[in-house]
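Data first, discussion second: the structure below is written as structure tokens.
The values are calculated or read from the model by the stated rules, or taken from the named source; none is laboratory data. Remember, predicted model here, so these are calculated numbers, not experimental data. Don't worry about glycine lacking a Cβ; one is built from the backbone with ideal geometry, like all the others, and counts go over all protein chains shown. Areas reflect the complete protein model, heavy atoms only, side chains present, ligands, DNA and RNA absent. Shrake-Rupley method; radii C 1.70, N 1.55, O 1.52, S 1.80 Å.
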Amino acid sequence: MPRSMPELAEFVATERLVKPSHEQDSQSHTMVLNMGPQHPSTHGVLRVVVEIDGETVVKLVTDIGYLHTGIEKNCEAKFYQQVVPMTDRIDYLCPMTNNLAYCLAVEKLLQLEIPPRGQWMRVLMNELTRLQSHLVWLGTHAMDIGALTVFLYCFREREELLRLFEAIAGQRMMTSYFRVGGLALEPPLDFFPRVRALLKRMPEKIDEYQNLLTGNPIWVNRLKGVGHLTAEQAIALGVTGPPLRASGVDWDLRRDMPYSGYENFQFRVPTSTDGDVWARYWVRLEEMRESVKIATQALDGMPEGPIQADAPKVVLPDREKMKTEMEALIYHFKIVTEGFTVPAGEVYQAVESPRGEMGYYVVSDGTAKPYRVHMRNPSFATLQALPAMCEGRLLADVVAVIGSIDIVLGEIDR
Amino acid sequence: MANEPIIGKEAVLTALPGNRAIEALSSADSQIITDARFDRNELTLTIQREKIRSACEIVRAAGYNFFSDLTAVDWYPAEPRFQLSYHLLSHHLKERVRLKVMVSTDDPAVESITSVWPASNSYEREVWDLFGVRFQGHPDLRRIMMPEEWEGHPLQKTYPVEGYR
């Protein structure tokens with residue numbers, strides 16, 4: 001909720017936000033400190049108001065909404081296929097995970113079956129996205145703590161992943177590569193060899209990051225025992241994804257409620273019972289190794305066949321067909337100008353994004369535009385756990401904890 | 001089974017005899033479920049408006065331990081106008097259930113479930129901010145996305161997409 005600076009004192013003094021406690025107890029002297037919204041360690045425009053007693057955080061309140069662009073409202077004014085590019089812009093670190101969740105939800109409404117090659121490609125792209133997202137997390141998290149080198153190492157590999165995305169979708173970040181009913185295009189010819197070469201190098205690179213950080217005494221001291229969250233707290237506060245698994249809850253939607261053919265892949269779900277920032281670091285690093293494994297399996301077992309469902313009323317026709325067949329041309333014209341209608345109903349489809357449960361709730365009234373699209377974003381819920389993790393700890397730990405929950409403000413504010 | 005929706009309370013009750021959510025809710029209070037639907041493998045139970053908090057408590061005790069999502073749908077101009085959708089998840093059963101509450105325009109308010117799941121705090125604030133549905137008993141019902149002095153609730157269907165200029 002944006003506010004100008006002169007009003008700040010009055011704003012934070014409101015009873016509902018932070019109540020300075022020096023009047024109640026003359027022994028303690030607290031002050032209110034404003035972090036953000038422009039603060040590098042908040043990974044976007046998050047505003048945190050903390051009440052501190054010396055260096056100790058007494059109370060912490062988050063203030064969001066600075067990036068609210070009304071994406072959910074916009075979706076209601078667009079055709080179903082026009083919503084796909086909007087989903088990219090919610091979470092710029094995992095565009096394809098968002099694409100997948102939305103496409104799966106609409107396909108569930110349409111009761112469309114995606115051919116195996118389409119599903120495998122989606123899994124492959126999702127795991128590459130997860131790698132990419134975790135690389136950004138690791139780089140920025142380490143930079144917050146003061147380990148600048150890791151950032152450059154991570155972005156070196158991320159650059160290669162982004163080049164792969166560019167090769168497949170023509171865009172580095174806002175890929176919009178998925179379509180309702182399948183994928184936009186067949187990947188270019190040299191795509192699979194390039195992915196394989198990168199995946200072969202990845203485990204060694206992950207070892208490299210680990211060598212830079214795991215044995216570093218400053219890193220260990222800043223992370224171990226900081227920002228503790230128990231399993232009960234995590235579940236009560238709606239935490240999902242790596243922070244939930246780091247608190248000892250063995251839950252991964254890819255394994256437990258498989259979608260898009262994940263039941264065909266073998267992988268381990270790393271968990272830890274420590275529940276601190278260190279555990280989250282460890283869980284994500286292990287997840288990167290598992291992602292490499294899943295992506296390799298997807299490459300090895302990549303089936304032949306079409307990448308799009310056989311649904312001429314929903315999927316745009318092949319270019320060649322469009323030029324030679326009257327019927328295909330008509331369908332193309334109809335889909336582009338009037339969209340496709342979706343039977344009335346409501347579905348909730350969740351996928352495991354790099355940050356946790358990314359759910360799309362799509363309500364259709366039988367027309368070509370969604371009646372309501374709601375995104376259940378993992379960061380939005382996880383942010384609620386920030387006070388529980390920070391209160392009673394040192395102020396410097398707030399930065400470490402924010403880095404460890406890996407929030408993306410674009411997805412929180414939508 | 002997935003293709004044909006099962007509509008109506010009686011039909012769903014007979015079609016899904018072992019469902020823990022239905023069992024727990026109907027054994028606690030036979031009137032609490034007013035309607036049900038099983039469509040595209042998703043179970044939706046419509047709950048009496050004034051009993052949503054106790055319904056959440058019952059369902060949580062039945063094993064649906066995780067609160068996933070809460071949002072609203074504006075069915076303007078139909079009455080009751082607002083539909084609140086609670087998406088709950090069971091880690092143990094690996095199953096979801098959607099609880100639905102209909103809220104009318106003349107009194108758009110419902111009991112807060114923050115006492116059952118603290119996670120619903122931000123979600124209820126979001127629904128209040130964007131739809132104008134109040135949550136009684138919420139500890140801090142402020143706007144969350146829009147500025148505090150904002151007028152109107154943007155996700156209502158009566159609010160133009162381009163905003164007011």
Going through (1) more than 19 Å from the chain's Cα centre (by Cα); (2) within 26 Å of A:Pro312 (Cβ to Cβ); (3) within 14 Å of chain B (Cβ to nearest Cβ) one by one, A:Pro116 fails only at (3)
Okay, strands (runs of 3 or more DSSP E) sitting entirely in segment B:11-84 with 2 or more residues that are closer than 21 Å to B:Gly137 by Cα, I get B:66-74
Just a yes or no: is a residue in segment A:278-300 in a loop (DSSP other than H, G, I, E, B), open to solvent by 30 Å² or more (accessible area, probe 1.4 Å) and away from every other protein chain (no Cβ under 14 Å)?
no
Quick check on segment A:251-273. Is at least one of its residues crowded, with 18+ Cβ neighbours inside 10 Å, within 23 Å of A:Thr382 (Cα to Cα) and free of Cβ contacts under 8 Å to residues at least 24 places away in the same chain?
yes
Within segment A:307-349, take every residue that is within 30 Å of A:Val195 (Cα to Cα), within 28 Å of the chain's Cα centre (by Cα) and not aliphatic (A, V, I, L, M) and give me the one that is farthest from the other protein chains (Cβ to nearest Cβ).
A:Gln308
Would segment A:20-30 turn up any residue that is modelled with pLDDT under 85, more than 30 Å from the chain's Cα centre (by Cα) and within 13 Å of chain B (Cβ to nearest Cβ)?
no
When segment A:347-378 is examined, which residues are found to be open to solvent by less than 30 Å² (accessible area, probe 1.4 Å) and without any contact (Cβ under 8 Å) to a residue 60 or more places away in the chain?
A:Val363, A:Arg376
Out of everything in segment B:60-90 that is open to solvent by 60 Å² or more (accessible area, probe 1.4 Å) and either among the polar types (S, T, N, Q) or more than 22 Å from A:Leu244 (Cβ to Cβ) (or both), what residue ends up being farthest from the other protein chains (Cβ to nearest Cβ)?
B:Glu79
From the list A:Thr273, A:Thr230, exactly one residue is within 14 Å of chain B (Cβ to nearest Cβ), hydroxyl-bearing (Ser, Thr, Tyr), under 27 Å from B:Asn65 (Cα atoms) and more than 19 Å from the chain's Cα centre (by Cα). Which is it?
A:Thr230
Any hit, segment A:101-115, residues being open to solvent by less than 10 Å² (accessible area, probe 1.4 Å), in a loop (DSSP other than H, G, I, E, B) and more than 22 Å from A:Gly305 (Cα to Cα)
no
Would you mind stating whether B:Ile113 is within 25 Å of A:Val239 (Cβ to Cβ) and more than 8 Å from every other protein chain (Cβ to nearest Cβ)?
yes
Look at segment A:310-332 and say how many of its residues are in a helix (DSSP H, G or I), open to solvent by 100 Å² or more (accessible area, probe 1.4 Å) and within 19 Å of A:Tyr177 (Cα to Cα).
1
